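To start, the structure under review is shown below, and the notes come after it.
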Amino acid sequence: MSKFDIVVQLYMEAGSPKLEGGGSIFSYSGVPSDALRKVFQEAKTLPNNFGFFLEEDEENGTVSFKWSLAESNTDRIYEDVSDFVSRTPSLSRGEIPPDYYIGAIGYRAGDEISDHELKLVESCRELISLLANLSEHRLEDTIVAGAAVLTYIAPADAGKAPKTIRLTTRISNGILKLKSPELRVLKELLSDDVKQQLNIEERKSIFRIAVSDVLRNGTQGVDAFEGLIRNWTDVLAKYRHDLDCYVYGFSFDKLRREIATAELEYTTKLGGVLKDFSGKLYGLPISFAALIPLATPKLMVEVLLIIAGMVFLSLIISSLIWNQRIEMARIKHSYTTIFDQFNKKISDYPVELQQS
């Protein structure tokens, strides 16, 4: 049993009495149990840095004492969760004491948390660390006057100018009336497991914008953190909406326009090639018509020139046709490259887009 265990057991066996003197003293008077009598004797041997008896008396089978608790940031006893929040300023820095005991719920640091209020406090404390991580600051570098001060930039929107928002993460008893914030999405976003995922930095930026937007439209000043927790569902809703807009290119209508543009571009290029090819083919009769006056050559030289000209013309036309085939193959390859990105994701599109 550790020395703080003895103090905790003394408090428990005394019936977890109300703390006096600002939470520094508790008293007992009555007929002690065997367990209380035993721990009462053990407490007398503790060094003063764990607390000490201001008064003690044993008479006629009764025990009365007044115990002064240690004035340290660790090994502290609290009446209830509200007392824990009020007297633990380190919570606003995202820190929690290494060891403590809360009498009203019988909770010792390290136990499984079942109390709703304490779960809420722990969630809010964890949220501070996550928000510091999201804002890409080391938490210890953001501490001002006992709380973290995190900076967010609210972008210009709907006539509103960009705004720098500084969030002071002060945890007060006001949060005990609120609903515990859902942190799963933010935890997954900041997890080491997703660092290599595509667009993870963009998703973080979207979440930061969602936080800054809710802060700009919500409670200002020292109660801003409490207001953020109250409106945390709005943060998640805005994040999901903006993420959907980012992933789907703002709308399926835009995707439909992109497909239509790609089809139009392909059709234009294909039409140009066919028009060029047709023009060259239509030129063939004119070329052969020029040979009519030479249809009755009188000299062998004329015959050879005619044959050479026809061969040369055939080679030119063959080269042109070959070039058109190459151009057609390039367009076909471009078509496949452009439309493959749509075909691979066609199952994700709405039915009307799949059938278009």
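The values are calculated or read from the model by the stated rules, or taken from the named source; none is laboratory data. Bear in mind the structure is a predicted one, so any value in this text is a computation, not a measurement. All Cβ positions, glycine included, derive from the backbone under ideal geometry; neighbour counts span all protein chains shown. In case anyone asks, the SASA skips ligands and DNA or RNA and just uses the protein heavy atoms, side chains included. Shrake-Rupley method; radii C 1.70, N 1.55, O 1.52, S 1.80 Å.
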Point to revise | Count of the stretch 162-213 residues which are within 14 Å of the chain's Cα centre (by Cα), surrounded by fewer than 18 Cβ atoms within 10 Å (Cβ to Cβ) and hydroxyl-bearing (Ser, Thr, Tyr) | key: 2
Study note, to complete from the structure: Result of the Cβ filter at 9 Å on the stretch 10-27, keeping first residues that are over 23 Å from Lys38 (Cα atoms) and partners that are open to solvent by 30 Å² or more (accessible area, probe 1.4 Å) and among the basic types (Lys, Arg), at least 6 apart or interchain, is Glu20/Lys66; Gly22/Arg87; Gly23/Arg76; Gly23/Arg87
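How about the stretch 104-124: which of its residues are under 10 Å from Phe84 (Cβ atoms) and crowded, with 21+ Cβ neighbours inside 10 Å?
To start, the set of residues in the stretch 104-124 that are under 10 Å from Phe84 (Cβ atoms) comprises 104-105, 107, 117-118, 121.
Passing the criteria: Glu117, Val121.
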Check your understanding: Of the residues that sit in the stretch 124-182 and are among the small types (Gly, Ala, Ser) and assigned to a strand (DSSP E or B), which one is farthest from Lys238 (Cα to Cα)?
Key -> Ala147
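Quick one: which helices (runs of 4 or more DSSP H) sit completely within the stretch 1-100 and have at least 3 residues that are more than 30 Å from Ile143 (Cα to Cα)?
Helices (runs of 4 or more DSSP H) meeting the threshold: 3-13, 34-43.
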Exercise for review: Being within 18 Å of Asp99 (Cα to Cα) and buried (at least 16 other Cβ atoms within 10 Å of the Cβ) is the filter here, so list the residues in the stretch 26-53 that pass it.
Suggested key: Leu46, Phe50, Gly51
Check your understanding: Looking at the stretch 82-92, which of its residues are under 24 Å from Leu167 (Cα atoms) and open to solvent by less than 60 Å² (accessible area, probe 1.4 Å)?
Key -> Ser82, Phe84, Val85, Arg87, Thr88, Ser90, Leu91, Ser92
Study note, to complete from the structure: Of the residues in the stretch 125-145, those that are at pLDDT 80 or above, of a type outside the set (A, V, I, L, M, F, W, C) and open to solvent by less than 70 Å² (accessible area, probe 1.4 Å) number 4
**Study point:** Sole exception among (1) open to solvent by 80 Å² or more (accessible area, probe 1.4 Å); (2) closer than 30 Å to Asp83 by Cβ; (3) assigned to a helix (DSSP H, G or I) for His241, by number
**Key:** (2)
